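The values are calculated or read from the model by the stated rules, or taken from the named source; none is laboratory data. This structure is a prediction, so every number in the text was calculated from the model and none was measured. Every residue, glycine as well, gets a Cβ built from its backbone with ideal geometry; the counts of neighbours run over all protein chains shown. The protein model used for the area step is the full one, side chains on, heavy atoms only, and it has no ligands, DNA or RNA in it. Shrake-Rupley method; radii C 1.70, N 1.55, O 1.52, S 1.80 Å.
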Amino acid sequence: MDIRHLRYFVAVAEELHFTRAAARLGIRQPPLSLQIKQLEAEIGAPLFRRLSRGVELTEAGRLFLDEARAILSRLDYALVDARRRARGECGRIRMGFAGATYFQPLIPAAIRAYRTRHPDVVLSPEQSNTPALIAGLHEGRIDVAFIRPPIEPDARLRVLDLIDEEMVIAVPAGHPLDTGAPLPLAALATEPFILFPREIGHGLHDSIIAACLAAGFTPKLGQDAPQISSIIPMVAAGFGVSVVPRSVTQIHADGIVYRPIADAAPRAPISLAWRSDDRSVAVGNFITAVRKLAPLGTPPRSRKGQGSAPDPQ
């Protein structure tokens, strides 16, 4: 028995006439009758009673019709779903966000653009830090991750550089440094610094420390914040001052002000990472959507320290 037998049987059962069913199927009537006889022989029971004008279903035929329709319906759904998945029109993408990257306007804009074109793909977000997200990519728990570079050379990953935003100073409202003007980093020399632990984002952490050293002082590190977004309420509560990516200024908390850095400011880069061997069309479509909005527009590259990787397809 094959799917053709089921389709022929349903057509005859619905038309209750071999000639009309043959016309509907686009075949001649004798081959259709032969196919139905073969089906009945395989089942071991008649499915139709032949009448002078048309046919009627036997009890076995009525039972078989319900099952045949259900099988064909499931098959049609499976075919449509497979084709849509092959085009990346459905499925799931598990995405990670490191170090308050979700505050950078580029990222929600890219996600909105992707969801407009692919509304049936489920996006599952996870907030974490860059080392944990890299581990999640390696383990297959995450498909794409917005990370804070740099990361170690890794041939298993491809990385698309997205944006390199400047950083700003965050101070408590009413603090002597709350002057309304840009501040040199050196103005923070005597203030306790609120930073996140180096192990959750060494690139950004080291960039801030290096900028302070270049400004002539070693920052007085105060209490650690568990993540970048946690720095803001701690500064507002008077635990100290900090330097944060400009996009974090979208957090409008009471008791905090942001000031531009008057001299050379550290940078806060963001990249998109995914597995080199990922063949998901949905993931490829997402990477393309992000790349179209990325100001840097650099080609994705393997973290081997050499060459560039092919564009996502």
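List of remarks:
- Of all residues in segment 243-269 being within 22 Å of residue 161 (Cα to Cα) and in a loop (DSSP other than H, G, I, E, B), the one that is nearest to the chain's Cα centre (by Cα): 266
- Among residues of segment 160-186 that are under 12 Å from residue 257 (Cα atoms), those with a beta-carbon under 8 Å from a residue that is of a type in the set (Asp, Glu) and surrounded by fewer than 16 Cβ atoms within 10 Å (Cβ to Cβ) at least six positions away or on a different chain give the pairs 171/178; 172/178; 173/254.
- Of all residues in segment 247-274, those that are within 16 Å of residue 235 (Cα to Cα) and open to solvent by 30 Å² or more (accessible area, probe 1.4 Å) have Cβ atoms under 9 Å from Cβ atoms of residues that are polar (S, T, N, Q) and assigned to a helix (DSSP H, G or I), 6 or more apart or on another chain, in 251/229; 258/249.
- Candidate set from segment 81-130 (those that are touching a residue at least 12 places away in the same chain (Cβ under 8 Å) and among the basic types (Lys, Arg)); member that is nearest to residue 270 (Cα to Cα): 94
For every residue, the table says whether it meets (1) in contact with a helix residue (DSSP H, G or I) (Cβ under 8 Å, 6 or more places away or on another chain); (2) under 22 Å from residue 149 (Cα atoms).
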site	(1), (2)
203	yes, yes
207	no, yes
212	yes, yes
215	yes, no
220	no, no
227	yes, yes
236	no, no
247	yes, yes
258	yes, no
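- Among the numbered conditions (1) outside any helix (DSSP H, G or I); (2) farther than 17 Å from residue 1 by Cβ; (3) open to solvent by 70 Å² or more (accessible area, probe 1.4 Å), the only one that residue 23 does not meet is (1).
- Selection count, segment 141-171, where residues are farther than 14 Å from residue 104 by Cβ, touching a strand residue (DSSP E or B) at 6+ places or on another chain (Cβ under 8 Å) and not in a strand (DSSP E or B): 6
- Filtered residues of segment 157-205 (kept if within 24 Å of residue 136 (Cβ to Cβ) and among the aromatic types (Phe, Trp, Tyr)): 196
- Enumeration of residues in segment 46-98 that are assigned to a strand (DSSP E or B) and closer than 30 Å to residue 144 by Cβ: 91, 92, 93, 94, 95, 96, 97, 98
- Reported count of residues in segment 99-140, each being in contact with a Gly (Cβ under 6 Å, 6 or more places away or on another chain), part of a strand (DSSP E or B) and farther than 20 Å from residue 251 by Cα, is 1.
- Being open to solvent by less than 60 Å² (accessible area, probe 1.4 Å) and of a type in the set (D, E, K, R) holds for only one residue in 67, 15, 56, and it is 15.
- Test: residue in segment 213-224 that is acidic (Asp, Glu) and either open to solvent by less than 40 Å² (accessible area, probe 1.4 Å) or in contact with a Cys (Cβ under 8 Å, 6 or more places away or on another chain) (or both): no
- Flag if residue 33 is closer than 30 Å to residue 119 by Cβ, modelled with pLDDT of 90 or more and among the hydroxyl-bearing types (Ser, Thr, Tyr): no
- Just one of the listed residues (158, 198) is buried (at least 20 other Cβ atoms within 10 Å of the Cβ) and of a type in the set (Lys, Arg), namely 158.
- Residue that is least open to solvent (accessible area, probe 1.4 Å) [pool: residues in segment 88-144 that are closer than 19 Å to residue 279 by Cβ and among the charged types (D, E, K, R)]: 143
- Test: residue in segment 217-232 that is over 28 Å from residue 274 (Cα atoms) and of a type in the set (Gly, Ala, Ser): yes
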